[in-house]
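Below: one structure, written as structure tokens.
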Amino acid sequence: MQKSMKKYFALFALPTIIAFSVAFVLPFILGVYLSFTEFTTVNDAKWVGLSNYVKAFSNQDFLNALWFTVKFTVVSVLTINVFAFILAMLLTRGKKGTNLFRTVFFMPNLIGGIVLGYIWQLIINGVLYKFDLTLTFDPKYGFWGLVVLMNWQLIGYMMIIYVAGIQNVPKDVIEVAKIDGASRFQVLRNVTLPLVMPSITICLFLTLSNSFKLFDQNLALTAGAPAKQTAMLALDIYNTFYGKTGWEGVGQAKAVVFFVLVALIALVQLLITRRKEVES
Amino acid sequence: MQKTNRGADTLIFLILFLLAVAFISPILIVLMNSFKGKFFISDTPFLLPNSETFSGLSNYTSGIAKTDFISAFGMSLFITVFSVAVIVLFTSMTAWYITRVKTKFNQLLYYIFVFSMIVPFQMVMFTMTKTANVLNLDNPIGIILIYLGFGSGLSVFLFSGFVKSIPIEIEEAVMIDGCNPVQSFFKVVLPILKPIAITVAILNVMWVWNDYLLPDLVIGSEYKTIPIAIQYLKGGYGSIDMGAMMAMLVLAIVPIVIFYLLCQKYIIEGVVAGAVKG
């Protein structure tokens, strides 16, 4: 069968490979190369070694964005997963209207990031206006605004994954634990949580990478204001590319650093998952 | 025992109900404000429109005119439908081929596809845009190829996982019966792939329809999709027409909510299935 299929390479694999090379492989390789050069139009690239990376790490905007992104990611990953898990527990316990609630809680996830940003800009400014303030008055408003926005967007998504995980926990295991005299909290800690570990891993990964790579919501909600203090990494890289002439190489170096960070997060996550799989 | 259960059920229902109301309220607040005069929106966003602030459909008419919403809607629809169709068709073929024909090259290819899933867009943002310019792909047709390329990692990965679970004997039997690979793919394999194809389609619809940066950089100044039109409406330096903005937000939300309500079951199943990629 392999033999007769091999002849069909051009039909089955080539279209995707061509598109993949144009949209990903080539730009990726070119991107790594350009991070070591100074350029404005690709054709005039001059090799400058590591100087772009040095500039990137001595750039205050980049360091601010990095710190802001890390802080935001930690807070939003924690809040989203705690709330989503509690909601999933409630939904798998109560019986009335389960489907309706699932539909409602998931809905914000379908709305695009730009639209989400402007929805929350209206609401948060509406509240702050009562105190004669605006969203861009202090970076802490932008920070917590993004946290609330991300919670609103992702709680439903993670809840759906947790619900699937909780429903897979065999009922008799919980019954046995209860008969043995385990309290509700003990059942949750020692039976339910270990058995939904795969869902927890997936949700942590999804919230982590989504929070870390956030762009649209950041652009629409504050666009980094005041004074770039609420700009996350993705937005800072965008601003470096398209806002500062002559800094394209530095922008590309920042992008490479960003990629390495995201890859590290994914790798660590994968290693942890593997270890969990060995245990169970 | 049963009585307390019923009591607990009702309490949980009430809690969930209140949370659900809180969850929908941001959308309702935007809807409410889309019928208010633009100067009243920033001051009193949480009050219902009254005789003084009600402005009828004027926000909608001015917003549609300012953003050229009809053509943005058409552009979003065109790009989403064709990109997703192309992605589902070609990545399912590729995934089947590289899973069944086990060469070194195909295995390497598979790992590069998987690798591409973790690469953030910013890494290729600048160089991909330049490549698209050089190859004349900076138009609504060309961007479909870009979407196929950048979206193929996740889709190939999901399809491959599913193909591995299909017993190869079915395909061998079909080929012994005289079908060539093209016939066996379209007549036998593709129908088996239907559930994962729906998942792939849904995940890609959610991505392409809402995507802002890629279309903005590749075709944005000439052809605007809905997210780009909304971002342009904001314009420069706070001169934003809040009324038109509210109306456009409503118009951007409506199509996706209708899509969601129509294929809810598939979307929720698809999200669970797609989550396995972690």
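If the condition is being under 26 Å from residue A:54 (Cα atoms) and more than 8 Å from chain B (Cβ to nearest Cβ), then the stretch A:1-37 contributes A:29, A:32, A:33, A:35, A:36, A:37. Inside the stretch A:38-47, residues that are within 10 Å of another protein chain (Cβ to nearest Cβ) and open to solvent by 60 Å² or more (accessible area, probe 1.4 Å) make up a count of 2. Scan the stretch B:139-173 for residues that are of a type in the set (A, V, I, L, M) and buried (at least 19 other Cβ atoms within 10 Å of the Cβ) and report the count. Number of matching residues: 9. Put simply, of A:142, A:165 the only residue that is buried (at least 18 other Cβ atoms within 10 Å of the Cβ), more than 10 Å from chain B (Cβ to nearest Cβ) and either closer than 17 Å to residue A:90 by Cβ or more than 12 Å from the chain's Cα centre (by Cα) (or both) is A:142. The set of residues in the stretch A:229-247 that are within 7 Å of chain B (Cβ to nearest Cβ) and modelled with pLDDT under 95 contains only A:241.
If a residue must be within 24 Å of residue A:100 (Cβ to Cβ), among the hydrophobic types (A, V, I, L, M, F, W, C) and more than 8 Å from chain A (Cβ to nearest Cβ), how many such residues does the stretch B:9-47 contain? Number satisfying all stated conditions: 8. When we screen A:12, A:68 for residues that are under 24 Å from residue B:126 (Cβ atoms) and open to solvent by less than 50 Å² (accessible area, probe 1.4 Å), the only hit is A:68.
Filtering the stretch B:83-117 to residues that are among the basic types (Lys, Arg), assigned to a helix (DSSP H, G or I) and facing chain A (nearest Cβ under 8 Å) leaves only B:100.
Test residue A:80 against the criterion of being more than 17 Å from the chain's Cα centre (by Cα), at pLDDT 95 or above and on the phi < 0 side of the Ramachandran plot, and give yes or no. Please lay out each step first, then the result.
Values: more than 17 Å from the chain's Cα centre (by Cα): no; at pLDDT 95 or above: yes; on the phi < 0 side of the Ramachandran plot: yes.
It is false that residue A:80 is more than 17 Å from the chain's Cα centre (by Cα), at pLDDT 95 or above and on the phi < 0 side of the Ramachandran plot.
The values are calculated or read from the model by the stated rules, or taken from the named source; none is laboratory data. The shown structure was predicted, so the numbers you read here are calculated from the model rather than taken from an experiment. Note that each Cβ is placed from the backbone with ideal geometry, even for glycine, and that neighbours are counted across all protein chains shown. Keep in mind that these areas ignore ligands, DNA and RNA; they rest on the heavy atoms of the full protein, side chains included. Shrake-Rupley method; radii C 1.70, N 1.55, O 1.52, S 1.80 Å.
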